[in-house]
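Written below as structure tokens is the structure these notes are about.
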Amino acid sequence: MQIQNNSSLKPFNTFGIDVNAKHFVSVQDIDELIKTLQLKEFQDKFILGGGSNMLLTKDIEALVVHLNLKGIEIVSEDESTVLVKAMAGENWHDFVLWCLDQNYGGIENLSLIPGNVGAAPIQNIGAYGVELKDVFYACEALDKTSFEPKQFAKEDCNFDYRNSVFKQDYKGKFIITSVTLKLSKSNHKIKTSYGSIQEELQKMGVVDPSIQDVSKAVIAIRSSKLPDPKDIGNSGSFFKNPIVSKSNYKALIDQFPDMPSYKVSEDDIKIPAGWLIEKVGFKGKRFGEYGVHTKQALVLVNYGNASGSDIFELSKLIQSTIKRIFNINLEAEVNII
Ligand code: EPU
């Protein structure tokens, strides 16, 4: 184990924010992780996965522990399904592509989501009509205080829209070390209900799509709307889509008849935050080194040298504007550090 002093975290966060880690270590396996957590000379440890869902606003005084746990294995299989376990440090999209290569179905709609496997359950990643919980079987996590491993079954995780027990009761208590998914080997359930997938497949001239076709369609849609962190720093959707009550929705739609919405339950209606942000004029706005993405208003971007505080201030300005105009509280999806 090699501890580095004064390391830049710029390559380790998709926003590309240049903050300093006073101490930094990359761990390759669980033993090394436990040994690192036990180090007495560093009281505080900061666990870093793919760095795709965080906005770093200051230097990190704690020991930054980069989870570089790798490996994919088949746990068990029968004729129609397979349990696949991936270590937390595997890149999510590379894992999706590996599954598609084996013709394992279930996560093709989640293609091209940035970040690592270990972060996927924390916010129950979702896109194009599929959420991780639809294929999640179990995960293994390490208790940060007792260093004991613990197995979480799907029922233990309280998955909800961009939410799980790891963001609520167990926030900061566990480090997810691997995730096991239950995927299909045949009779794949193709999910094209999200409108733009169907349109994209039509454009591709595909009538009877395979899981690989769905992945290609998702990749094409995402690439056309969402900036690649390699070119423009970003963390995907910065805000969650807000959920409003039926009565609030009625008042809003009277005032804004063109407002899109999705019913999530009898009483709850989800409004696309991207639409709200666009409506108040922030889409594509650039403030020097940072701004709001030109093609998807839900994404805040770093054009190169923005600080985390610049972007945080912009997010607060957007929140207060949305509150003033629509009386809606926009909640950040990204973790502000
Ligand atoms: N819209 C606008 N202007 C915009 C963006 C969106 O008016 O600038 C409206 C449009 O009416 C559009 C609707 O919002 O029809 C929905 O847009 P989109 O399909 O792009 O999805 P989203 O609700 O903005 C969510 C996820 C994305 C995910 C897509 C596709 C959240 C917070 N975001 O975005 O997730 O890729 O659906 O499933 O739920 C992420 O979490 O990082 C992420 C990118």
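For region 3-83, trypsin sites (Lys or Arg not before Pro) are listed when DSSP marks them as loop and at most 11 other Cβ atoms sit within 10 Å of their Cβ; the list is Lys40. Rolling a 1.4 angstrom probe over region 233-336 with all protein chains present gives an accessible area of which 47% lies on carbon and sulfur atoms. Probing with 1.4 Å while keeping every protein chain in the model, the per residue accessible area of region 259-308 equals 46 Å².
Given their separation in residues at 0.36 nm each and the Cα-Cα distance between them, Lys185 and Asp160 gain 6.4 nm when the chain is fully extended. For the chain, a Gaussian network of Cα nodes joined below 10 Å ranks Leu37, Leu298, Leu56 by mean-square fluctuation, and the top entry is Leu37.
With the simple spin-label model, which puts each label point 7 Å out from Cα in the Cβ direction, the Met259 to Gln168 separation comes to 2.6 nm. Once the chain from Ser196 to Glu278 is taken as fully extended at 0.36 nm per residue, the excess over their C-alpha distance is 27.6 nm. Whole Å is fine, so just give me how far the alpha carbon centre of region 43-67 lies from that of region 178-247. Using only Cα atoms to place each centre, the spacing works out to 28 Å.
Each of the GluC sites (Glu not before Pro) that DSSP puts in a loop and that has at most 10 other Cβ atoms within 10 Å breaks the chain; the longest unbroken stretch is 80-265. Equivalent-ellipsoid semi-axes for region 164-285 (Cα gyration tensor, √(5λ), whole Å, largest first): 28, 24, 19. Shown for region 67-130: the carbon plus sulfur share of the solvent-accessible area, taken with all protein chains present and a 1.4 angstrom probe, equals 48%. Multiplying the residue separation of Ser80 and Thr294 by 0.36 nm and subtracting their alpha-carbon distance yields 72.7 nm.
The values are calculated or read from the model by the stated rules, or taken from the named source; none is laboratory data. None of the values given here were measured: they were computed from a predicted structure. Ideal geometry is used to build each Cβ from the backbone, glycine not excepted, and the neighbour counts take in all protein chains shown. Note: accessible area is taken over every heavy atom of the protein model, side chains too, but ligands, DNA and RNA are not part of it. Shrake-Rupley method; radii C 1.70, N 1.55, O 1.52, S 1.80 Å.
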